[in-house]
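Reviewing the structure listed below.
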């Protein structure tokens, strides 16, 4: 399956400009840093991957604006026992210094009965290039209803 996804990605990139390829690589690198920071429980590291004026719209929370508030949000997730995120980009569109991405992710969290459960979510991230680095500018996610 991984080879198939890689082949499709390479074919898709074949028609891209070098700037678009660099953007895709940069966003993939930031996503890898995001996963690593998440798995380490590093809320400050996660917040550093957002623009200074970033907005996060997490389920059941008011809108969160700015790195300090975003760090606090992620710390609350870690304090609640959320771990092991796995991001999967389904589509990425680049337009100059901005990009939009949607995909799915899974994470592990307490199940409320003393055990742990893995859940899958969907997300959209709007990216901005800031200082030569791709950073999350708008981040929203939710899950599908059960059943």
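The values are calculated or read from the model by the stated rules, or taken from the named source; none is laboratory data. Because the structure is predicted, anything quoted here is derived from the model rather than measured. Note: ideal-geometry Cβ built from the backbone for every residue, glycine included; neighbour counts use all protein chains shown.
All conditions but one from (1) within 15 Å of the chain's Cα centre (by Cα); (2) more than 19 Å from residue 36 (Cα to Cα) apply to residue 87; the one that does not is (2). Across the range 32-51, the qualifying residues are those that are within 13 Å of residue 135 (Cα to Cα) and free of Cβ contacts under 8 Å to residues at least 24 places away in the same chain, and the one among them that is surrounded by the fewest Cβ atoms within 10 Å (Cβ to Cβ) is 32.
If only residues of the range 88-103 that are in contact with a strand residue (DSSP E or B) (Cβ under 6 Å, 6 or more places away or on another chain) and surrounded by 16 or more Cβ atoms within 10 Å (Cβ to Cβ) are counted, the one that is farthest from residue 70 (Cα to Cα) is 92.
Let's see how each residue does on (1) touching a helix residue (DSSP H, G or I) at 6+ places or on another chain (Cβ under 8 Å); (2) at pLDDT 95 or above:
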position	(1), (2)
7	no, no
18	no, no
25	no, no
33	yes, yes
74	yes, yes
84	yes, no
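Within this structure, residue 66 passes the test of being on the phi > 0 side of the Ramachandran plot and either under 14 Å from the mean Cα position of the chain (by Cα) or surrounded by 13 or more Cβ atoms within 10 Å (Cβ to Cβ) (or both).
In the set (1) touching a strand residue (DSSP E or B) at 6+ places or on another chain (Cβ under 9 Å); (2) outside any loop (DSSP other than H, G, I, E, B); (3) at pLDDT 95 or above, the condition left unmet by residue 68 is number (1).
With respect to (1) assigned to a strand (DSSP E or B); (2) surrounded by 13 or more Cβ atoms within 10 Å (Cβ to Cβ), the lone exception for residue 78 is condition (1).
Among the residues that make up the range 105-116, is at least one of them within 27 Å of residue 20 (Cβ to Cβ) and in a strand (DSSP E or B)? Yes, that holds for at least one residue.
Considering only the range 28-38, I want to know if a residue exists there that is in a loop (DSSP other than H, G, I, E, B), within 25 Å of residue 81 (Cβ to Cβ) and within 16 Å of the chain's Cα centre (by Cα).
Pass one, the range 28-38, residues in a loop (DSSP other than H, G, I, E, B): none.
No: the range 28-38 contains no residue that is in a loop (DSSP other than H, G, I, E, B), within 25 Å of residue 81 (Cβ to Cβ) and within 16 Å of the chain's Cα centre (by Cα).
So, of the residues in the range 52-61 that are surrounded by fewer than 16 Cβ atoms within 10 Å (Cβ to Cβ) and touching a helix residue (DSSP H, G or I) at 6+ places or on another chain (Cβ under 8 Å), which turns out to be farthest from residue 127 (Cα to Cα)? Steps first, please.
Just the residues of the range 52-61 that are surrounded by fewer than 16 Cβ atoms within 10 Å (Cβ to Cβ), to begin with: 52-53, 57, 59-61.
With the extra rule that they be touching a helix residue (DSSP H, G or I) at 6+ places or on another chain (Cβ under 8 Å), the set shrinks to 52, 61.
Working: 52: 12, 61: 21 Å.
Among them, the one singled out is 61.
Residue 79 - would you say it is at pLDDT 95 or above, over 16 Å from the mean Cα position of the chain (by Cα) and on the phi < 0 side of the Ramachandran plot? So residue 79 passes the test.
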